[in-house]
Amino acid sequence: MDNQKTTKNSPEKVKLEIEKKYYWCTCGLSTKQPFCDGTHKVKGEFRPMHFDVSEQKEYFLCNCKKTKNPPFCDGSHK
Ligand code: FES
(Lines give C-alpha, C1' and ligand atoms only; values in the text may rest on other atoms or scores of the structure.)
Protein backbone atom coordinates (compact mmCIF):
# COMPACT_ATOMS: atom_id res chain seq x y z
CA MET A 1 0.00 0.00 0.00
CA ASP A 2 1.41 3.38 -0.99
CA ASN A 3 0.35 6.97 -0.43
CA GLN A 4 -1.79 6.25 2.57
CA LYS A 5 -1.52 8.39 5.66
CA THR A 6 0.00 6.89 8.78
CA THR A 7 -2.31 7.69 11.65
CA LYS A 8 -0.40 6.39 14.63
CA ASN A 9 2.80 4.44 15.15
CA SER A 10 1.17 1.91 17.42
CA PRO A 11 -1.62 -0.60 16.88
CA GLU A 12 -5.17 -0.23 18.19
CA LYS A 13 -6.34 -2.86 20.66
CA VAL A 14 -9.99 -3.61 19.89
CA LYS A 15 -12.41 -6.31 20.93
CA LEU A 16 -13.95 -7.86 17.82
CA GLU A 17 -16.96 -10.12 17.66
CA ILE A 18 -17.76 -13.03 15.38
CA GLU A 19 -20.64 -12.64 12.89
CA LYS A 20 -19.89 -8.92 12.52
CA LYS A 21 -18.43 -7.28 9.45
CA TYR A 22 -15.66 -4.73 9.90
CA TYR A 23 -14.11 -2.23 7.51
CA TRP A 24 -10.47 -1.39 8.16
CA CYS A 25 -9.37 2.03 6.89
CA THR A 26 -6.62 1.72 4.26
CA CYS A 27 -6.27 5.44 3.45
CA GLY A 28 -5.46 6.74 6.93
CA LEU A 29 -7.95 9.63 6.68
CA SER A 30 -10.75 8.20 8.80
CA THR A 31 -11.46 9.90 12.13
CA LYS A 32 -12.63 6.56 13.51
CA GLN A 33 -9.30 4.70 13.18
CA PRO A 34 -8.63 1.94 12.64
CA PHE A 35 -12.06 1.67 11.00
CA CYS A 36 -13.34 3.35 7.84
CA ASP A 37 -15.69 6.33 8.20
CA GLY A 38 -16.17 6.94 4.46
CA THR A 39 -13.62 9.77 4.17
CA HIS A 40 -11.69 7.80 1.51
CA LYS A 41 -14.36 8.84 -1.00
CA VAL A 42 -12.91 12.38 -1.06
CA LYS A 43 -9.71 11.27 -2.77
CA GLY A 44 -11.11 8.18 -4.43
CA GLU A 45 -7.76 6.34 -4.35
CA PHE A 46 -8.56 3.85 -1.60
CA ARG A 47 -11.22 1.43 -0.54
CA PRO A 48 -11.68 0.02 2.95
CA MET A 49 -10.74 -3.58 3.60
CA HIS A 50 -13.65 -5.76 4.65
CA PHE A 51 -12.87 -8.40 7.23
CA ASP A 52 -14.40 -10.52 9.96
CA VAL A 53 -13.01 -12.74 12.69
CA SER A 54 -13.64 -16.35 13.70
CA GLU A 55 -13.02 -15.80 17.38
CA GLN A 56 -14.35 -13.15 19.76
CA LYS A 57 -11.37 -11.58 21.49
CA GLU A 58 -9.12 -8.55 21.54
CA TYR A 59 -7.04 -7.93 18.42
CA PHE A 60 -4.33 -5.44 17.57
CA LEU A 61 -5.28 -3.62 14.37
CA CYS A 62 -2.71 -1.71 12.33
CA ASN A 63 -2.76 2.09 12.52
CA CYS A 64 0.49 2.83 10.68
CA LYS A 65 -0.88 1.22 7.46
CA LYS A 66 2.46 -0.49 6.80
CA THR A 67 1.47 -3.99 7.93
CA LYS A 68 2.02 -6.91 5.57
CA ASN A 69 -0.85 -8.73 7.27
CA PRO A 70 -3.76 -6.26 7.09
CA PRO A 71 -5.76 -5.39 9.07
CA PHE A 72 -3.64 -6.85 11.86
CA CYS A 73 -0.48 -5.33 13.29
CA ASP A 74 2.67 -7.22 12.29
CA GLY A 75 5.14 -4.93 14.05
CA SER A 76 6.00 -2.89 10.92
CA HIS A 77 5.45 0.38 12.83
CA LYS A 78 8.68 -0.19 14.78
S1 FES B 1 -11.85 6.36 5.39
FE2 FES B 1 -9.97 5.32 4.97
S3 FES B 1 -10.54 3.64 3.75
FE4 FES B 1 -12.41 4.62 4.22
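The values are calculated or read from the model by the stated rules, or taken from the named source; none is laboratory data. This one's a predicted model, so the numbers in the text were calculated from it and none came from an experiment. For accessibility, only protein heavy atoms count, side chains too; no ligands or nucleic acids. Shrake-Rupley method; radii C 1.70, N 1.55, O 1.52, S 1.80 Å.
Taking a ≥ b ≥ c as the square roots of the eigenvalues of the Cα gyration tensor of the chain, is the shape rounded (a/c under 1.5), prolate (a/b larger than b/c) or oblate?
Oblate.
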Fill in: Whole-percent carbon and sulfur share, accessible surface of the chain, 1.4 Å
46 percent
Worksheet item: In percent, how large is the relative contact order of the chain, given Cα pairs closer than 8 Å and 6 or more residues apart?
Response: 38 percent
Worksheet item: Largest first, how would GLU19, GLU58, GLU12 line up by accessible area (1.4 Å probe)?
Response: GLU19, GLU58, GLU12
